[in-house]
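Below is one structure; the comments refer to it alone.
The values are calculated or read from the model by the stated rules, or taken from the named source; none is laboratory data. All of these numbers come straight from a predicted model, not from anything done at the bench. In this analysis, Cβ positions are derived from the backbone assuming ideal geometry, glycine residues included, and neighbour counts consider all displayed protein chains.
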């Protein structure tokens, strides 16, 4: 509706820390935004392809901002993008913490911030569970 369809490409895979296959939890249609890498919350589990963002972009495309909202797996997406994040292409990262899912998935609550700091970003909390990381 906004005329942006020529700028959008849909990929049929999840993003994560490794390339391969991952168990993905689905939810009822009225809660479709709650699906994610299996953490014991969903009703049905399916297998989906998963790729690292570093494998997808290979530093050839220059995103300025990376926004993740992965129902607890944000740290894994960020971990799979370390090459991209260590370069000069990404200046801003917005991500969220989903404490319940992260705990169930065994992801430390500070994992995203630790990886981003290692890649040269400064992190600050901007909401209850929302964070912003930026390169100066």
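For the stretch 11-25, state whether one or more residues are modelled with pLDDT under 85 and over 17 Å from residue 74 (Cα atoms).
no
Let's see how each residue does on (1) at pLDDT below 85; (2) assigned to a loop (DSSP other than H, G, I, E, B); (3) more than 24 Å from residue 120 (Cα to Cα):
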| residue | (1), (2), (3) |
| --- | --- |
| 2 | no, yes, yes |
| 41 | yes, yes, yes |
| 66 | no, no, no |
| 85 | no, no, no |
| 103 | no, no, yes |
| 107 | no, yes, no |
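So residue 48 passes all but one of these: (1) modelled with pLDDT of 90 or more; (2) surrounded by fewer than 14 Cβ atoms within 10 Å (Cβ to Cβ); (3) in contact with a strand residue (DSSP E or B) (Cβ under 6 Å, 6 or more places away or on another chain). Which condition number does it fail?
Every listed condition holds for residue 48 apart from (2).
Run down 112, 124 and say which single residue is in a helix (DSSP H, G or I) and modelled with pLDDT of 95 or more.
112
What tally of residues in the stretch 89-101 results from selecting those that are within 11 Å of residue 119 (Cβ to Cβ) and modelled with pLDDT under 95?
1
How many residues does the stretch 110-136 hold that are touching a helix residue (DSSP H, G or I) at 6+ places or on another chain (Cβ under 6 Å) and either on the phi > 0 side of the Ramachandran plot or touching a residue at least 12 places away in the same chain (Cβ under 8 Å) (or both)?
So the answer is 5.
Residue-by-condition table, conditions (1) under 18 Å from residue 18 (Cβ atoms); (2) surrounded by fewer than 22 Cβ atoms within 10 Å (Cβ to Cβ):
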{"position": "70", "(1), (2)": "yes, yes"}
{"position": "77", "(1), (2)": "yes, no"}
{"position": "85", "(1), (2)": "yes, no"}
{"position": "91", "(1), (2)": "no, yes"}
{"position": "95", "(1), (2)": "no, no"}
{"position": "99", "(1), (2)": "no, yes"}
{"position": "104", "(1), (2)": "no, yes"}
{"position": "109", "(1), (2)": "no, yes"}
{"position": "112", "(1), (2)": "yes, no"}
